[in-house]
Amino acid sequence: MKILLVYPKYPNTFWSFKHVLKFVSKKAAYPPLGLLTVAAILPGNWEKKLVDMNVDSLDDTDLKWADYVFISAMITQKDSAIEVINKCKQLNIKIVGGGPLFTTGYQEFEEVDHLILGEAESSLPIFLKDLQEGKPQKRYASDTWPNVSKTPVPLWSLINVKHYAAMLVQYSRGCPFDCEFCDIPILNGHKPRTKEIDQFIREFDVLYEHGWRGAVFVVDDNFIGNKNKVKKLLRELIIWMEKHKHPFSLLTESSLNLVDDEELMELMVMAGFRRVFVGIESPAEESLVECNKFQNRNRNMIAAIKKIQNFGMEVQGGFIVGFDNDPPSIFDRQIKFIQESGVVTAMVGLLNALPETKLYKRLKKECRLLANSSGNNTDISLNFIPKMDNELIIDGYKKILSTIYSHKKYYERIITFLQEYHPVRRGKPDFYDCMAFLKSIWFLGIVGKGKKYYWKLLLLSLFKYRRGLTEAITLAIYGLHFRRVLRDLDL
């Protein structure tokens, strides 16, 4: 059996980091971890090829080679996925679809021959058995969450790791919290399911053996969902990193209650974690109550963010506007919060109801749903009827973005971050770091519109915040990406 695994294109969003990639001569930010894991689940004697459309073009010759095309996608990749599906149908090639796009929106994809819903470890083996027996069904789903301790190591041999800015690994799935807008409880459940420590360390070994050196994103829904298990893992990771001379720089996603456990933060930093993405959402307490974000309530969130920065991790933040309980002042309050907290990478989005979430079901019951969400964090629209005037929300959202990513405010925020940041520096900048720095001098310091802010930041970093020099240059480059995304949005 010949299997072609296809990963559709991402649109140009904040998360694509498209305009950063040229600084480090990479083609895409992250590899398709899900498809690589699916490839490892497929029978070993099957022929497999993978085309990541964010790296390579998808040719008809690739499609005609295959007996089946396996396509996996996020919601934001929907348009590209549809193009791939249409091309397969024209060539009369069988399609197998999986991933979040199909799991929560399978009703829209009647033309897909076989749908593998939910996590592949549960549904895919049943499909493969039926396929071998010549009786494959249209749709496969499981009522149980799979044991991820049985998940195989991704088949990294299918890609060239050098094409990517960072590698992906996963330790756990699921999140103990229940935010109204979030689809994680639907996709992966509330109870974090973890891999075995030896199993996870083996994934690090394999990446190392493939020659990878650099950033590794631990893409858990909430890395600290099971703190006791995570601490045990981190102690082993520290030993591994010391033995291998710290080849990886780690980042992950976590809830803000990370700040309540100093031992956990210390272990993360010692294990090589340099960045953590946190869902902040809103400085308005009434909006946090509305979306059930109780882990952020009744705390000084700015002080919490600065504490994490003090421990040596950059906090990247997710923010949302458009809640029913957002006051008219929310836009100025979001700007003020972001600037004072020093969250440089501030991903601000309009509230959208993702399929089958509690928010989606509530709005549907209230007859307020308008359309399906695009899943794009820079989509300047809401897919429901808001309580606040829609035009006021859109104008306020545009004001936030144009303000926080202006040269002046953005560079001020980097300096605010550097004042709090106390990293544990290990290793020296690599070739790509040096190349990015040299390119930043040209694009930001010579031909860039905000060159005076760049040089001020560089000088401050060299003479006052040298410990954060690499992060300062990286964040300056990120700023160029964010501003170009806004330019493409006519903001």
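Taking D221, is it acidic (D, E), outside any helix (DSSP H, G or I) and surrounded by 15 or more Cβ atoms within 10 Å (Cβ to Cβ)? Talk me through it step by step, then tell me what you get.
Details: acidic (D, E): yes; outside any helix (DSSP H, G or I): yes; surrounded by 15 or more Cβ atoms within 10 Å (Cβ to Cβ): yes.
Yes.
Does segment 316-327 contain any residue that is part of a helix (DSSP H, G or I) and either within 24 Å of the chain's Cα centre (by Cα) or in contact (Cβ under 8 Å) with a residue 60 or more places away in the chain (or both)? Outline the logic, then answer.
So in segment 316-327, the residues part of a helix (DSSP H, G or I) come out as none.
Checked against the condition, which is being part of a helix (DSSP H, G or I) and either within 24 Å of the chain's Cα centre (by Cα) or in contact (Cβ under 8 Å) with a residue 60 or more places away in the chain (or both), segment 316-327 yields no hits at all.
Which fully enclosed helices (runs of 4 or more DSSP H) of segment 367-476 have 2 or more residues being in the same structural domain as H246 (by TED's automatic domain parsing) and not charged (D, E, K, R)?
Passing ranges, in order: 390-404.
Does segment 57-70 contain at least one residue that is outside any strand (DSSP E or B), surrounded by 20 or more Cβ atoms within 10 Å (Cβ to Cβ), in contact with a strand residue (DSSP E or B) (Cβ under 6 Å, 6 or more places away or on another chain) and not β-branched (V, I, T)?
Checking segment 57-70: at least one residue is outside any strand (DSSP E or B), surrounded by 20 or more Cβ atoms within 10 Å (Cβ to Cβ), in contact with a strand residue (DSSP E or B) (Cβ under 6 Å, 6 or more places away or on another chain) and not β-branched (V, I, T).
I'd like to know if segment 418-427 contains one or more residues that are surrounded by 20 or more Cβ atoms within 10 Å (Cβ to Cβ), within 24 Å of V348 (Cα to Cα) and in contact (Cβ under 8 Å) with a residue 24 or more places away in the chain. Write out each step before concluding.
Restricting attention to segment 418-427, the residues satisfying the condition of being surrounded by 20 or more Cβ atoms within 10 Å (Cβ to Cβ) are 418, 421.
Within this subset, residues satisfying the condition of being within 24 Å of V348 (Cα to Cα) are 418, 421.
Now narrow it down to the ones that are in contact (Cβ under 8 Å) with a residue 24 or more places away in the chain: 418, 421.
Yes, some residue in segment 418-427 is surrounded by 20 or more Cβ atoms within 10 Å (Cβ to Cβ), within 24 Å of V348 (Cα to Cα) and in contact (Cβ under 8 Å) with a residue 24 or more places away in the chain.
Here are the criteria: (1) more than 30 Å from L363 (Cα to Cα); (2) at pLDDT below 95; (3) not assigned by TED's automatic domain parsing to the domain that holds L36. Tell me which single one F200 does not satisfy.
(2)
With K150, K138 as the choices, which residue is loosely packed, with under 14 Cβ neighbours inside 10 Å, of a type outside the set (S, T, Y), under 28 Å from V51 (Cβ atoms) and in contact with a strand residue (DSSP E or B) (Cβ under 7 Å, 6 or more places away or on another chain)?
Numbers: K150 fails: in contact with a strand residue (DSSP E or B) (Cβ under 7 Å, 6 or more places away or on another chain).
Matching residue, one of K150, K138: K138.
For segment 198-215, which residues satisfy the criterion of being outside any loop (DSSP other than H, G, I, E, B) and farther than 20 Å from N188 by Cβ?
Of all residues in segment 198-215, those outside any loop (DSSP other than H, G, I, E, B) come to 198-209, 214-215.
Selection gives D198, I201, R202, F204, D205, V206, L207, Y208, E209, G214, A215.
Considering only residues that are without any contact (Cβ under 8 Å) to a residue 12 or more places away in the chain and among the hydrophobic types (A, V, I, L, M, F, W, C), which ones fall in segment 60-87?
Result: I82, single match.
Going through segment 224-245 one residue at a time, which ones are touching a residue at least 24 places away in the same chain (Cβ under 8 Å) and either surrounded by fewer than 18 Cβ atoms within 10 Å (Cβ to Cβ) or among the polar types (S, T, N, Q) (or both)?
N226, K227, K229, K231, K232, R235, E236, I238, H244, K245
Among the residues of segment 346-375 satisfying the criterion of being among the polar types (S, T, N, Q) and surrounded by 20 or more Cβ atoms within 10 Å (Cβ to Cβ), which is modelled with the lowest pLDDT?
Restricting to residues being among the polar types (S, T, N, Q) and surrounded by 20 or more Cβ atoms within 10 Å (Cβ to Cβ), the top hit is S373.
Which one is modelled with the lowest pLDDT, of the residues in segment 17-36 that are in a helix (DSSP H, G or I) and either surrounded by 21 or more Cβ atoms within 10 Å (Cβ to Cβ) or among the basic types (K, R) (or both)? Working first, answer last.
From segment 17-36, those in a helix (DSSP H, G or I) are 18-21, 33-36; that's our starting set.
Of the ones still in play, those that are also either surrounded by 21 or more Cβ atoms within 10 Å (Cβ to Cβ) or among the basic types (K, R) (or both) are 18, 34-36.
Details: K18: 88, G34: 97, L35: 98, L36: 98.
Within segment 17-36, the match that is modelled with the lowest pLDDT is K18.
The values are calculated or read from the model by the stated rules, or taken from the named source; none is laboratory data. Owing to the predicted nature of the structure, the values given are computational and were not obtained by experimental measurement. So basically every Cβ, Gly included, is an ideal-geometry build from the backbone, and we count neighbours across all protein chains shown.
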